[in-house]
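Some notes on the structure that comes next.
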Amino acid sequence: MQIEQLLQQYFGYASFRVGQKQVIKRVLAGDNTLCIMPTGGGKSICYQIPALALAGTTLVISPLISLMKDQVDVLLQMGIAATYINSSLSYSETMNRLNQARAGRFKLLYVAPERLEDPAFVAILKQLTIPLIAVDEAHCISQWGHDFRPSYRYIKNVINELERPPVVLALTATATKQVRVDICEQLNIVVGNDVITTFARQNLAFKVLKGENADVFLKDYIVKNQSEVGIIYAATRKNVDQLYEQLKKVGVSVAKYHAGLSKSERDEYQEAFLYDKVNVIVATSAFGMGIDKSNVRYVIHYQMPKNMESYYQEAGRAGRDGLDSECVLIYRPQDVQVQRFLIEQSASGERFGNELAKLQAMVDYCHTEGCLQTSILHYFGEFEAVGCERCGNCTDTRERIDVTIDAQKVLSCVIRMGQRFGKVMIAQVLTGSSNKKVLGFRFDKLPTYGILSNKSTKDVNLFIEFLISEEYLMVEQGEFPTIKVATKGRGVLQGKVQVFRKQQVETKQIVKTDSPLFEALRAWRRERAKAENVPPFVIFSDQTLWDVCAKLPKTLDELLDVKGIGEQKQVKYGAELLAVLGNEVDS
Ligand code: ADP
Ligand code: MG
Ligand code: ZN
């Protein structure tokens, strides 16, 4: 069968996306291939279609154990015989699946890389017909990558042990040159035999927020977007716990995830998120490798991550279904110190230097005034990119206001107070508070006392944060963080540097369309998912539901024109969908 036909019949898509066909053709021609596509670009189809076209069982190596079940469920929903083997299965269930695999029952077999270290398992693989090995998240093979997984190194042995060498297809969303070369070397891919589509994510709008109060912004944003699904990344477990409590307090239905929770807690929260029981999850970077949820509408980084690779991967979890989504990074200079500290704890020698350079690139990204998407693409070696017209910088029309005089007042006050106090105390002196501590230090005698008393303490606090984020002031961490004037700030005091500030960012609703039909379809999907005990996106993606809204199919035949409805789903859900639309099935 033609590959286009397979795409329509099983997946319900009318055409391939950029790069997919090229990869599939290479694989079917027997060439080892490296496929680099952005998250949500559609890498899975690049091995799933060949798996359908080739005789035997395609082996898929995936580090995402928690994801395997969902990935396999998605395939089963489409009528594709697939299974997985990982540590979540009992011994007898594992043997049962392997026996079926030996009998040639599956088109795809997903396994965790750790399995490949087990000679008994490899011996069984040798009894299967394996035309293709797909190595998903292939950057895990490289220690230069950000998710190095030692057991990926065993893939090579397995390939060598198989009697008939399979075609190898490596897939990843993030790979710098170094990582790319590493993947090719280890998996026997001729350098240059790669298909690299653009890293650009056309549906993502990137934003960097500086000098704003992170908590105020966050609450406002989440409350405004309550009905949308979002992920909030924070740097430490403590931050996650705090944010979780804060959001719960304002009535947001929220879950959390970090390595300090017990396994059962993590499973419970993750499931609540996957199954759309809560819309928001607050997490450390430990969360996400196992997440293929396609309807994430926003990802907020409450703190800056340690490098661009991590950032793009985490932010990229938004909008996998291709619908417009937002990625907001909140920048505060003190977070650079946190990341630096974490790097010092974990790396040394050459690796340390490497990691620091990556951190600097992350900081540079936060400060760029040009297109953010372009800046990301440049980092990954794509230089053709032009402005995206979507990101925070491309769409920024806020007015720049000259705030040099106010800045001088703050800086001068910091110096007069001896540069040994924190933000709150400084704001109190500036606004002329008669707080006991202020009077105790005799700060009411300073010429800068009450010099900003026309403003609220909160606004002065925000202004100090702004001066910190623009590096006129710096924070020195100690038992209590203290604020000092930075080199750039001295320039302001000497009248050599002017300070401009943009108006505050307004939080907006991401999805503007209010569609009762979409809500009805979403409710139907939730019920159906509950009945089948799978996450809602396994039944249909948001993309499919929106396409139903756009096309308003009236018959089972017309349903096949909807993106993401193939033959199996037409049969299984067609009548129910039409009923939600108010149509009876024509028989
Ligand atoms: P990746 O692994 O590259 O992050 P996936 O393979 O998970 O991406 O695909 C992301 C989404 O895009 C899935 O919902 C998938 O069904 C959809 N998709 C893939 N190929 C196509 C296509 N040709 N047309 C429409 N949607 C597609
Ligand atoms: Mg994938
Ligand atoms: Zn842009």
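The residue that is most open to solvent (accessible area, probe 1.4 Å), among those in the stretch 172-195 that are assigned to a loop (DSSP other than H, G, I, E, B) and touching a Gly at 6+ places or on another chain (Cβ under 9 Å), is Thr176.
For Val282, the requirement of being among the hydrophobic types (A, V, I, L, M, F, W, C), within 16 Å of ligand 1 (Cβ to nearest atom) and within 30 Å of Phe537 (Cα to Cα) is not met.
Residue-wise test of (1) farther than 26 Å from Gln100 by Cα; (2) among the charged types (D, E, K, R).
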| site | (1), (2) |
| --- | --- |
| Lys21 | yes, yes |
| Cys35 | yes, no |
| Pro38 | yes, no |
| Gln48 | no, no |
| Leu52 | no, no |
| Leu59 | no, no |
| Ser62 | no, no |
| Ser66 | no, no |
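Annotation: of all residues in the stretch 323-332 being open to solvent by less than 20 Å² (accessible area, probe 1.4 Å) and not aromatic (Phe, Trp, Tyr), the one that is nearest to Trp546 (Cα to Cα) is Ser325. Figure legend. Inter-residue proximity from the stretch 314-331: first residues closer than 16 Å to Leu218 by Cβ, second residues open to solvent by 10 Å² or more (accessible area, probe 1.4 Å) and of a type outside the set (A, V, I, L, M), beta-carbon distance below 6 Å, spacing 6+ or different chains. Indicated pairs: Val328/Lys207; Ile330/Tyr302; Tyr331/Lys210.
Give me the residue from the stretch 99-109 that is closer than 20 Å to Gln48 by Cα and in a helix (DSSP H, G or I) and, out of that set, least open to solvent (accessible area, probe 1.4 Å). Looking at the filtered set, the residue picked out is Ala101. In the stretch 479-502, the residues that are open to solvent by 60 Å² or more (accessible area, probe 1.4 Å) reach residues that are among the hydroxyl-bearing types (Ser, Thr, Tyr) with C-beta atoms within less than 7 angstrom, at least six apart or across chains, in these pairs: Lys488/Tyr472; Leu493/Ser412; Gln498/Thr404.
In the stretch 233-245, the condition of being under 13 Å from the mean Cα position of the chain (by Cα) and either buried (at least 22 other Cβ atoms within 10 Å of the Cβ) or aromatic (Phe, Trp, Tyr) (or both) is met by at least one residue.
Given the structure, is Gly145 in contact (Cβ under 8 Å) with a residue 24 or more places away in the chain and over 20 Å from Leu75 (Cβ atoms)? So Gly145 passes the test. Could you check, for the stretch 440-450, whether at least one of its residues is within 24 Å of Glu212 (Cβ to Cβ), in contact with a helix residue (DSSP H, G or I) (Cβ under 8 Å, 6 or more places away or on another chain) and open to solvent by less than 60 Å² (accessible area, probe 1.4 Å)? For the stretch 440-450, residues within 24 Å of Glu212 (Cβ to Cβ), in contact with a helix residue (DSSP H, G or I) (Cβ under 8 Å, 6 or more places away or on another chain) and open to solvent by less than 60 Å² (accessible area, probe 1.4 Å): absent.
Residue count for the stretch 204-221, restricted to those that are in contact with a strand residue (DSSP E or B) (Cβ under 6 Å, 6 or more places away or on another chain) and either among the charged types (D, E, K, R) or open to solvent by less than 20 Å² (accessible area, probe 1.4 Å) (or both): 7. Residue count for the stretch 244-260 satisfying the condition of being at pLDDT 95 or above and hydrophobic (A, V, I, L, M, F, W, C): 2.
Within the stretch 279-294, the set of residues being open to solvent by less than 10 Å² (accessible area, probe 1.4 Å) and modelled with pLDDT of 90 or more comprises Val280, Ile281, Val282, Ala283. All conditions but one from (1) farther than 26 Å from Gly495 by Cβ; (2) modelled with pLDDT of 90 or more; (3) in contact with a Phe, Trp or Tyr (Cβ under 9 Å, 6 or more places away or on another chain) apply to Lys436; the one that does not is (3).
For the structure I just gave you, tell me whether Leu169 is touching a Cys at 6+ places or on another chain (Cβ under 7 Å) and within 16 Å of ligand 1 (Cβ to nearest atom). Answer is yes for this residue. Residues in the stretch 341-361: is at least one open to solvent by less than 80 Å² (accessible area, probe 1.4 Å), within 16 Å of ligand 3 (Cβ to nearest atom) and at pLDDT 90 or above? No. Can you confirm whether the stretch 439-450 contains a residue that is farther than 22 Å from Tyr311 by Cα and of a type in the set (Asp, Glu)? So far as the stretch 439-450 goes, yes, one or more of its residues are farther than 22 Å from Tyr311 by Cα and of a type in the set (Asp, Glu). Identify the residue in the stretch 129-139 that is open to solvent by 20 Å² or more (accessible area, probe 1.4 Å) and not hydroxyl-bearing (Ser, Thr, Tyr) and, among all such residues, is farthest from ligand 3 (Cβ to nearest atom). That would be Pro131. Look at (1) in contact (Cβ under 8 Å) with a residue 40 or more places away in the chain; (2) out of contact with any helix residue (DSSP H, G or I) (no Cβ under 6 Å at 6 or more places or on another chain); (3) over 22 Å from Arg332 (Cβ atoms) and you find that Lys436 fails only one, number (1).
Anything in the stretch 412-431 that is more than 38 Å from the chain's Cα centre (by Cα) and either open to solvent by 30 Å² or more (accessible area, probe 1.4 Å) or in contact (Cβ under 8 Å) with a residue 24 or more places away in the chain (or both)? List them, or say none. Write out each step before concluding.
The first filter runs over the stretch 412-431 and keeps only residues more than 38 Å from the chain's Cα centre (by Cα), leaving 412-420, 428-431.
Of everything in the stretch 412-431, those that are more than 38 Å from the chain's Cα centre (by Cα) and either open to solvent by 30 Å² or more (accessible area, probe 1.4 Å) or in contact (Cβ under 8 Å) with a residue 24 or more places away in the chain (or both) turn out to be Ser412, Cys413, Val414, Ile415, Arg416, Met417, Gly418, Gln419, Arg420, Gln428, Leu430, Thr431.
Among the residues of the stretch 172-209, those that are modelled with pLDDT under 85 and within 16 Å of ligand 3 (Cβ to nearest atom) comprise Thr198, Phe199. Restricting attention to the stretch 18-38, the residues that are within 15 Å of ligand 1 (Cβ to nearest atom) and open to solvent by 20 Å² or more (accessible area, probe 1.4 Å) total 4. Those residues that are without any contact (Cβ under 8 Å) to a residue 40 or more places away in the chain and of a type in the set (A, V, I, L, M), I need them from the stretch 103-136; list them, please. Listed by number, the residues that qualify are Ala103, Ala120, Val122, Ala123, Ile124.
The values are calculated or read from the model by the stated rules, or taken from the named source; none is laboratory data. What you are looking at is a predicted structure, and each value in this text was computed from that prediction instead of being measured. Note that each Cβ is placed from the backbone with ideal geometry, even for glycine, and that neighbours are counted across all protein chains shown. What goes into the accessible areas is simple: the full protein's heavy atoms, side chains included, and nothing from ligands, DNA or RNA. Shrake-Rupley method; radii C 1.70, N 1.55, O 1.52, S 1.80 Å.
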